[in-house]
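Only one structure is covered here, and it is reproduced in the block below.
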Amino acid sequence: MLVKFFKRGSVADNHYSSGGRAVQRYLLGKDYADGIASRENAKLLSGNPQWVTELINGLTFSKIYTAGCLAFEGEESKTVTEAMKQQLMDEFEHCLFTGLDKNQYAGYWVEHTDKVDPNNGLERLELNFVFANVDLMTGKNLPVYYHKNDLGRINDFKDLTNLVYDLSDPNAPERKQTSV
């Protein structure tokens, strides 16, 4: 399993953005309505995208949302059960929002299976997440992921999860590639 954070989420000069709508369209499809995804192989796993999108679009911080995914190889994607997905999402949120209650942050999770593992031609599972960068209790900015501070904790989560669930390790020596 690999944990990836996307670079999107910042706003333009006017501090208002349709960024929440853009990420929702990417994850669920441009015609997402009534909980039904129009993007092929996309499935809402948890959260309320409409509510989170409106929340994100009302923020005036320099970075209004944080998005990323937990990505699995094709072979291991077949071994991930529904219960395991929920447990991984809960554990990741606990790692990301250490010390916060669930009612202090807002986000949603979307499953994608539209990418293919080039090594074996199998569908790859991705558990995509979007979180508004706001503390719901105070209305203040909540930087969900700050690379310099959070990278070690996220890497520890990834390493422990890969070990516990017997998932592939992206840092394994056999995966090292030479650069030219």
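Volume per residue, Å³, of the convex hull around the alpha-carbon atoms of the stretch 1-132? Can you show the working numbers first?
Working: hull volume 15.0 nm³, N = 132.
Enclosed volume per residue, from the Cα hull, is 114 Å³.
Could you name the lysines in cross-link range of residue 43, using Cα to Cα under 28 Å and dropping any fewer than eight places away on the same chain? Those lysines meeting the cut-off are 4, 7, 30, 63, 78, 85, 102, 115, 158.
Go ahead and run the numbers for FRET between residue 151 and residue 174, Cβ-Cβ distance against an R0 of 25 Å, rounding to 0.05. Don't skip to the answer; put the middle values down first.
Details: r = 23 Å, r/R0 = 0.94.
That pair, residue 151 with residue 174, gives E of 0.60.
Measuring max minus min along each principal axis, the C-alpha atoms of the stretch 97-180 give extents of 47, 31, 28 Å (largest first). If R0 is 22 Å, the Cβ-Cβ spacing of residue 7 and residue 83 corresponds to a FRET efficiency of close to 0.10. For the chain, what is the calculated [θ] at 222 nm in deg cm²/dmol (nearest 500), taking -39500 (n - 2.57) for each run of four or more DSSP H residues and dividing by its residue count? So the helix-based figure for the chain works out to -9500 deg cm²/dmol. Using the Cβ-Cβ distance between residue 159 and residue 48 with R0 set to 35 Å, the FRET efficiency works out to roughly 0.65.
FYI, it's all coordinate maths here, none of it is from the lab. Just so it is clear, the structure is predicted and the values come from calculations on it, not from any experiment. Every residue, glycine as well, gets a Cβ built from its backbone with ideal geometry; the counts of neighbours run over all protein chains shown.
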